[in-house]
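Structure record follows, encoded as structure tokens.
The values are calculated or read from the model by the stated rules, or taken from the named source; none is laboratory data. Note that the coordinates shown come from a computational prediction; the quantities given were computed from them, not determined experimentally. Cβ placement follows ideal geometry from the backbone for every residue including glycine, while neighbour counts extend to all protein chains displayed. In case anyone asks, the SASA skips ligands and DNA or RNA and just uses the protein heavy atoms, side chains included. Shrake-Rupley method; radii C 1.70, N 1.55, O 1.52, S 1.80 Å.
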Amino acid sequence: MPAENTALSENTALSENTVLAENTVLAENPVPAGNSLLAGNTVRGLIANREPGWSLPAPFYTGQECFDLDLDAIFGRHWLFVASEPEIPEPGDYVTVNIGRYSVIILRDDDGQVRAFHNVCRHRGSRLLNDASGSVGNIVCGYHKWTYATDGRLLHAESQPPSFLKECFGLRDVALRSLEGLIFICLSDDPPGDFAEVEAAVGPYLRVHGPRRTKVAAQVDVIEEGNWKLVMENNRECYHCDGHPELICSLFQLFGYSEEDLTPRLRPVHQRYQAAAAALREVCEANGIPLDTVEELDERVTGFRVGRLPLDHGGESFSQDGSLLCMRLLGDVPSPRLGHLSVHLQPNSWFHFVSDHIVTFSVLPLAPDRTLLRTTWLVHADAVEGQDYDVDSLTRVWRATNDQDRTLVARTQLGVSSPAYVPGPYSPTEGQVEAFVNWYLGRLRDDRA
């Protein structure tokens with residue numbers, strides 16, 4: 001970078017380390033990833049020149065400018081999964097969520113409705129709630145004691161003139177939708193209008209599990225040393241699943257594979273899968289439970305995928321032998337052998353529903369190379385810890401899997417940050433990674449337009 005006091009004149013020639021100007025043509029090997037300031041035309045060039053079926057150029061994973069664009073164009077304008085209703089079971093219960101420069105309060109009001117507000121006092125902007133979760137009667141600003149009801153109305157503001165209108169100074173709402181108890185927010189004043197369609201498609205698959213009739217058994221936050229897109233891409237394929245020995249005890253290692261892709265090692269697994277899939281279809285059809293995969297990952301603004309697959313061995317849950325981890329089945333589940341309902345929603349979430357528990361995953365960007373992964377385990381609201389389930393056993397597989405993935409993501413971040421990195425081709429089994437990248441670039445194109 002030029003020295004701090006150096007002024008670049010209009011005709012100054014660009015040296016190797018100079019900030020890229022708006023009209024600079026990208027060479028095949030641009031300046032080391034993360035060290036250049038990407039101007040608007042350069043971002044457009046990266047989007048336009050990305051080779052389909054290949055990983056993204058380095059600046060998408062390493063550059064501050066691309067990260068800032070992601071916060072605005074992706075996390076600022078789309079529906080984000082942030083929590084579940086069981087995390088705020090009683091009136092006054094709340095959680096706070098930080099997304100870039102935003103802080104949002106998710107709470108249940110006195111009438112039992114779930115609401116979302118910007119965590120900003122309407123007086124002089126002080127942050128209102130500073131804890132990650134808690135319970136309040138009213139929301140009271142710690143600075144000048146402006147007091148708000150749980151529905152956002154301003155109740156009290158001391159020493160105001162007679163002309164002051166309290167009704168004009170309620171908390172600012174954040175758009176919120178609850179998908180069978182899974183809470184999504186959108187920071188934009190003009191949220192994507194297709195959420196109702198997604199809800200209609202996905203909701204019937206979730207209903208049998210009764211997500212609203214659950215409670216939180218455990219929640220674990222992991223900071224991954226990688227870009228948020230690497231975290232999402234890692235989740236969207238099972239090409240690496242040999243690195244998850246605990247998980248593949250129960251999960252068939254066939255995610256993304258067609259019969260043509262099967263190696264000799266995977267053919268016996270596929271034979272077990274076919275038998276288990278036939279048994280699962282019989283249970284679902286007998287009970288009117290949706291089964292077949294619906295996938296609209298890259299063309300739809302709120303991209304999603306939902307489908308139910310069998311589990312291996314015991315076929316009941318994510319355990320070493322596939323047996324139940326909680327003795328109290330969820331909702332209206334008719335059989336412990338209900339397989340594994342997998343749900344993906346762009347841009348930041350995935351979910352696993354089995355007969356005895358639910359696991360939710362929320363991805364929130366912290367920096368170009370740091371990401372928060374929040375994992376929450378839900379069990380039946382009446383399940384008793386120590387009697388119906390053991391927290392360590394319930395969480396063991398996904399804690400191990402998250403830790404393994406954290407290592408893989410960190411290594412990939414180190415690799416894409418090297419000047420030697422060039423994009424590589426996805427394998428045929430990584431079609432959902434390509435779908436995620438297509439969705440991401442499509443949203444950026446819309447933003448750039």
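Please give the Cα centre distance for region 64-108 versus region 298-345, rounded to the nearest Å. Cα centres, region 64-108 to region 298-345: 26 Å. The alpha carbon radius of gyration of region 28-174, expressed as a multiple of 2.2 N^0.38 Å, is 1.42. Each label point was placed 7 Å from the Cα along the Cα-to-Cβ direction; for Asp189 and Glu259 their separation is 5.6 nm.
Taking 45 Å as R0, compute the FRET efficiency from the Cβ-Cβ separation of Arg281 and Arg101 and round it to 0.05. Could you put the intermediate results ahead of the total?
On the way: r = 48 Å, r/R0 = 1.06.
Efficiency for this residue pair is about 0.40.
May I ask you to derive the FRET efficiency for Ala200 and Arg396 from their Cβ-Cβ distance with R0 = 35 Å, giving the value to the nearest 0.05? The computed FRET efficiency comes out at 0.50.
The heavy atoms of Ser418 offer some 40 square angstrom of accessible surface to a 1.4 angstrom probe.
Spacing of the modelled spin labels on Asp332 and Ala175, each 7 Å from Cα toward Cβ, amounts to 3.1 nm. Taking a ≥ b ≥ c as the square roots of the eigenvalues of the Cα gyration tensor, region 205-321 is classed as rounded, since a/c falls below 1.5. Summary of the geometry: region 160-238 and region 347-365, compared by the centres of their Cα atoms, lie 12 Å apart. A Cβ-based charge dipole, computed about the Cα centre of region 121-195 with Lys and Arg at +1 and Asp and Glu at -1, lands at about 420 debye. These residues, Lys215, Lys229, Lys166, go from largest to smallest accessible area, 1.4 Å probe, as Lys166, Lys215, Lys229.
Put a dot 7 Å past the Cα of Ala48, heading toward its Cβ, do the same for Tyr143, and the two dots end up 4.5 nm apart. Once backbone amide H atoms are built at 1.01 Å from N, Thr214 has Ala381 as its partners under 5 Å, excluding neighbours fewer than 5 places away on the same chain. If R0 equals 41 Å, the separation of the Cβ atoms of Ala381 and Ala420 corresponds to a calculated FRET efficiency of about 0.20. Between Pro91, Thr412, Gln274, the Cα set farthest toward the positive side of the dipole of the chain (charges on each charged residue's Cβ, about the Cα centre) is that of Pro91. Taking a straight Cα-Cα cut-off under 24 Å and skipping sequence neighbours fewer than 8 places away in the same chain, the lysines within cross-link reach of Lys145 are Lys166.
For region 340-391, the C-alpha radius of gyration divided by 2.2 N^0.38 Å, with N the number of residues, is 1.41.
Please sort through the DSSP H helices of the chain and keep those with an alpha-carbon extent of at least 15 Å along the long axis and a Kyte-Doolittle average not below 0.0.
For the chain, where a helix must reach 15 Å along its axis and average at least 0.0, the hits are 195-207.
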